[in-house]
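The values are calculated or read from the model by the stated rules, or taken from the named source; none is laboratory data. Everything numeric here is computed off the predicted structure, so don't read it as measured data. Reconstructed Cβ throughout: ideal geometry from the backbone, glycine too, with neighbour counts over all protein chains shown. Note: accessible area is taken over every heavy atom of the protein model, side chains too, but ligands, DNA and RNA are not part of it. Shrake-Rupley method; radii C 1.70, N 1.55, O 1.52, S 1.80 Å.
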Amino acid sequence: MRPSALRLLSRTAAVLGLAAALALTGCAPSTSSGGAEQGGDDRTGTLRVWLFREVDNAPKQRIVDDVVAGFEKQHGGVTVDVQYIPVDSRAEKMKGALNAPSSAPDVVEFGNTDTAGLVENGALLDVTDAFEGWGEAADTDPTARQSVTVQGRVYGAPLFVGVRALYYRTDVFDDLGLEPPATLDELADTARRIRQERPQMYGIAVGGSYTYGALPFVWAHGGEVAEKRGGAWTATIDDPAARKGVTAYTDLFGPGNCPPATCAQMGGNDTVEAFANGKAGMVIGGDFNREAVGNSEVAGSYDVVPLPGVREGEIAPAFAGGNNLGVMRGTGHRGLAVDLMRRLAGKETQERLFAEMGFLPTFTDTRQQVAAEEPFVEPFVRTLDAGAKFVPATPAWSAIDASQVLPTMFQRVVSGKQDVPGATGAAARTMDEAFAR
């Protein structure tokens, strides 16, 4: 899911040289789908674009306006109508678009965890061939590409990525003679030491409802949420490796670090707020939390490192959130829509989205370039380069996520209602029911 939509899952983030943008050829880009295509390939008229409205939308609108101006200049007789829609109402808007194709957009922005559901509903155009033929696509990082891929076919272009790392209080660490933890065991020991020496603080703020802060512990121990076996998804959150990760995360709840009475119900925003308000020595936060922390009372007294793994030198895999762009399957302007999608998601656009809004690029080379220019993003880039993870690419994940299956699992453990085997087993059964529907 996109960081602003999760604003769980505050954001931070070169005039556009459109001459270098990929030009549209004389015929429509090659696309494919499972059945007969709807729409057509008109070369004139109005293209409708739906993008998410940001808290501060002015920078995004400026960037998009520049891309649109260059696009319209190249394509005579074409007008682009951009609408900025609320993130929280995206599901209703897309449902309306599918029910009334004449008012649907041609190009649309969506959260990366929305991809599979949109594909299942027939909303997105298969742009595999057009994506493969786009020179810039070769530099897309594998996890970002996975977020637009369903059953081996590509249904869009990644726009930006969001990832989490470990924020820590440099002043507290200096006062206590601590070093940033090099392993997850050291993280737990450090958290307990901070809590012991600063009882008014959490050693590390953790939340029972913070799914994407907890999953790195599962992945670092070699576990997975689910795996695809024989063409079908099967829950693996109750496998031994995954249970080790669940244990490592839930062990952080208790009087020695983050008491369940307050921490069990906390989500990602709550944990970051606790850190920003000076109530925690550490927190797992995103690159998109930089503005909130940087403008808080701990400004100038924190740093960020990758969340460590099980062994020294390892980085715990992080969830790769973010947003994508796609073309609606019913578009009447397939070629124009694909070209505009690629321009809006291209390297030069992503460079500017980072410079003006702090959105991390999905292209590995572009990301390395911005990391060299802005040291703050270096730990997040290292985390991505070490290998980020994504959720199961199936519409069932939306139901699993909405039903709070994993938060319920964590909360039952930290509250003492179930042990890890019991809670993970119950979660796995619920997930398998969702996968089977």
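When you check Ala165 against the structure, is it within 16 Å of Ile315 (Cα to Cα), part of a strand (DSSP E or B) and either open to solvent by 10 Å² or more (accessible area, probe 1.4 Å) or not basic (Lys, Arg) (or both), yes or no?
Taking the combined requirement at face value, the residue satisfies it.
Can you confirm whether Val82 is surrounded by 17 or more Cβ atoms within 10 Å (Cβ to Cβ), in a helix (DSSP H, G or I), under 25 Å from the mean Cα position of the chain (by Cα) and not charged (D, E, K, R)?
Considered against the rule, which asks whether it is surrounded by 17 or more Cβ atoms within 10 Å (Cβ to Cβ), in a helix (DSSP H, G or I), under 25 Å from the mean Cα position of the chain (by Cα) and not charged (D, E, K, R), Val82 comes out as no.
Answer yes or no as to whether Asp171 is among the acidic types (Asp, Glu), within 20 Å of Val414 (Cα to Cα) and out of contact with any Cys (no Cβ under 9 Å at 6 or more places or on another chain).
Here the answer is no, as Asp171 does not meet what is asked.
This table checks each residue for (1) buried (at least 19 other Cβ atoms within 10 Å of the Cβ); (2) modelled with pLDDT of 95 or more; (3) on the phi < 0 side of the Ramachandran plot.
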residue: Asn57; (1), (2), (3): no, no, yes
residue: Gln61; (1), (2), (3): no, yes, yes
residue: Val68; (1), (2), (3): yes, yes, yes
residue: Glu72; (1), (2), (3): no, yes, yes
residue: Glu92; (1), (2), (3): no, no, yes
residue: Lys95; (1), (2), (3): no, no, yes
residue: Ala100; (1), (2), (3): no, no, yes
residue: Val107; (1), (2), (3): yes, yes, yes
residue: Asp114; (1), (2), (3): yes, no, yes
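Starting from residues that are charged (D, E, K, R) and outside any helix (DSSP H, G or I), keep the ones in segment 386-437 and report whichever is farthest from Tyr212 (Cα to Cα).
Selected residue: Arg437.
Output the number of residues of segment 358-385 satisfying the condition of being of a type outside the set (Gly, Ala, Ser), open to solvent by 10 Å² or more (accessible area, probe 1.4 Å) and assigned to a helix (DSSP H, G or I).
11
Sort out for me the strands (runs of 3 or more DSSP E) sitting completely within segment 215-315 that have 2 or more residues that are buried (at least 24 other Cβ atoms within 10 Å of the Cβ) and not aromatic (Phe, Trp, Tyr).
Strands (runs of 3 or more DSSP E) meeting the threshold: 282-286.
Among the residues in segment 402-412, are any within 24 Å of Leu118 (Cα to Cα), surrounded by fewer than 21 Cβ atoms within 10 Å (Cβ to Cβ), in contact with a helix residue (DSSP H, G or I) (Cβ under 9 Å, 6 or more places away or on another chain) and of a type in the set (Gly, Ala, Ser)?
Scanning segment 402-412 turns up at least one residue that is within 24 Å of Leu118 (Cα to Cα), surrounded by fewer than 21 Cβ atoms within 10 Å (Cβ to Cβ), in contact with a helix residue (DSSP H, G or I) (Cβ under 9 Å, 6 or more places away or on another chain) and of a type in the set (Gly, Ala, Ser).
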